[in-house]
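Enquirer: Quick one: the structure is below, questions incoming.
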Amino acid sequence: MKEKINLPTKITISRIILSFLLIVAIIVMYLADQYTGFIALANISIGGNSFINWIMIILFFVFIFASATDFLDGYLARKNNQVTDLGKFLDPIADKMLVNSMLIFLAINFTSLSTYTKIPFFCVILMIIRDLIVDGLRLMAAKKNVVISANIFGKLKTVLQMFTIAFVFLNGFPFSYFDSTWNQYVTITSIFCYLTTIASLVSGVIYVIQNKHVIGGKNNE
């Protein structure tokens, strides 16, 4: 019998759709920046050496809304006892689609935002490699009819990523009032990036250790 799509799963799907729309907006933004440079016109000073960009603020609010659905779908699923295999499968996909696309976007050096806060590229590479390993583990588990759902460590990693991405969207605000003259690799926001990367790697190791029984053995066919 075909599994009915419940409300929490529909919310998860909406996060996937919002992530896709954000990716399309970013592609348009990147092309426009390359050929027109109009994005710089949206920069506004917020005091001292700090500034923020209105376009990035709009993307920030869309990202925050999409991130909020991550907490909402999980809450409703647990509250109404609507946890399903489909929801367990789609939730980490939605999270990674949203978070990883924004990590890559915020590591790109836009011409009009050359001095804007960025996520260090090596942090993005390490976090994506971690996700590829965990996804590979989930694929192996699926072949054995085992569903690996997100655990508390993976959720903590996702929360840290979302907070870090939000700060980068806002060009380090409100920390930029204190560290705008610091080296770009030792600002408060960059330190958040490093801590988030560490949390991501640690959670990945925990996933592997907790599900090492999936690696090897026979398929449950």
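Enquirer: Condition first: buried (at least 19 other Cβ atoms within 10 Å of the Cβ) and among the polar types (S, T, N, Q). Can you find one or more residues in the range 208-219 that meet it?
Expert: No; the residues of the range 208-219 include none that is buried (at least 19 other Cβ atoms within 10 Å of the Cβ) and among the polar types (S, T, N, Q).
Enquirer: Could I ask something else about it? If I ask for residues that are over 28 Å from GLY74 (Cβ atoms) and either among the hydroxyl-bearing types (Ser, Thr, Tyr) or crowded, with 21+ Cβ neighbours inside 10 Å (or both), which ones from the range 178-195 would you list?
Expert: Selection gives SER180, THR181, TYR185, THR187, SER190.
Enquirer: Give ILE44, ILE23 a once-over and let me know the one that is of a type in the set (A, V, I, L, M, F, W, C) and more than 18 Å from PHE105 (Cα to Cα).
Expert: ILE44
Enquirer: For MET56, all conditions in the list (1) without any contact (Cβ under 8 Å) to a residue 40 or more places away in the chain; (2) aliphatic (A, V, I, L, M); (3) surrounded by 18 or more Cβ atoms within 10 Å (Cβ to Cβ) hold save one; what is the number of the exception?
Expert: Only one criterion is unmet by MET56, namely (1).
Enquirer: Could you identify the single residue in THR69, THR12 that is under 27 Å from ILE129 (Cβ atoms), of a type in the set (Ser, Thr, Tyr), free of Cβ contacts under 8 Å to residues at least 60 places away in the same chain and crowded, with 18+ Cβ neighbours inside 10 Å?
Expert: THR69
Enquirer: Which of the numbered conditions does ASP85 fail, given that it passes all the others? Conditions: (1) within 23 Å of THR158 (Cβ to Cβ); (2) in contact with a strand residue (DSSP E or B) (Cβ under 8 Å, 6 or more places away or on another chain).
Expert: (2)
Enquirer: Have a look at ASN43, ASN80 and point out the one that is loosely packed, with under 14 Cβ neighbours inside 10 Å and touching a residue at least 60 places away in the same chain (Cβ under 8 Å).
Expert: When all the criteria are applied, what remains is ASN80.
Enquirer: Can you find a residue that is more than 20 Å from PHE51 (Cα to Cα) and either surrounded by fewer than 20 Cβ atoms within 10 Å (Cβ to Cβ) or in contact with a helix residue (DSSP H, G or I) (Cβ under 7 Å, 6 or more places away or on another chain) (or both) anywhere in the range 161-177?
Expert: Checking the range 161-177: at least one residue is more than 20 Å from PHE51 (Cα to Cα) and either surrounded by fewer than 20 Cβ atoms within 10 Å (Cβ to Cβ) or in contact with a helix residue (DSSP H, G or I) (Cβ under 7 Å, 6 or more places away or on another chain) (or both).
Enquirer: Could you list, in sequence order, the residues of the range 68-100 that are more than 25 Å from GLY136 (Cβ to Cβ) and polar (S, T, N, Q)?
Expert: THR69, ASN80, ASN81, GLN82
Enquirer: Condition first: modelled with pLDDT under 90, under 17 Å from the mean Cα position of the chain (by Cα) and over 14 Å from LEU170 (Cβ atoms). Can you find one or more residues in the range 65-72 that meet it?
Expert: For the range 65-72, residues modelled with pLDDT under 90, under 17 Å from the mean Cα position of the chain (by Cα) and over 14 Å from LEU170 (Cβ atoms): present.
Enquirer: For the range 84-110: of the residues being touching a residue at least 24 places away in the same chain (Cβ under 8 Å) and assigned to a loop (DSSP other than H, G, I, E, B), which is nearest to ARG130 (Cα to Cα)?
Expert: Only one residue fits best here, namely LEU106.
Enquirer: Which one is surrounded by the most Cβ atoms within 10 Å (Cβ to Cβ), of the residues in the range 25-38 that are out of contact with any helix residue (DSSP H, G or I) (no Cβ under 8 Å at 6 or more places or on another chain) and under 14 Å from ILE55 (Cβ atoms)?
Expert: TYR30
Enquirer: Regarding ALA77, is this residue over 22 Å from SER101 (Cβ atoms) and of a type outside the set (Val, Ile, Thr)?
Expert: So ALA77 passes the test.
Enquirer: While we're looking at this one, here's another question. Could you grab me the full set of residues in the range 183-201 that are free of Cβ contacts under 8 Å to residues at least 60 places away in the same chain and under 13 Å from PHE163 (Cβ atoms)?
Expert: Result: ILE188, ILE191, PHE192, LEU195, ALA199.
The values are calculated or read from the model by the stated rules, or taken from the named source; none is laboratory data. Note that this is a predicted model, so its numbers are computed, not measured. Here Cβ is always computed from backbone atoms with ideal geometry, including for glycine, and neighbour counts include all displayed protein chains.
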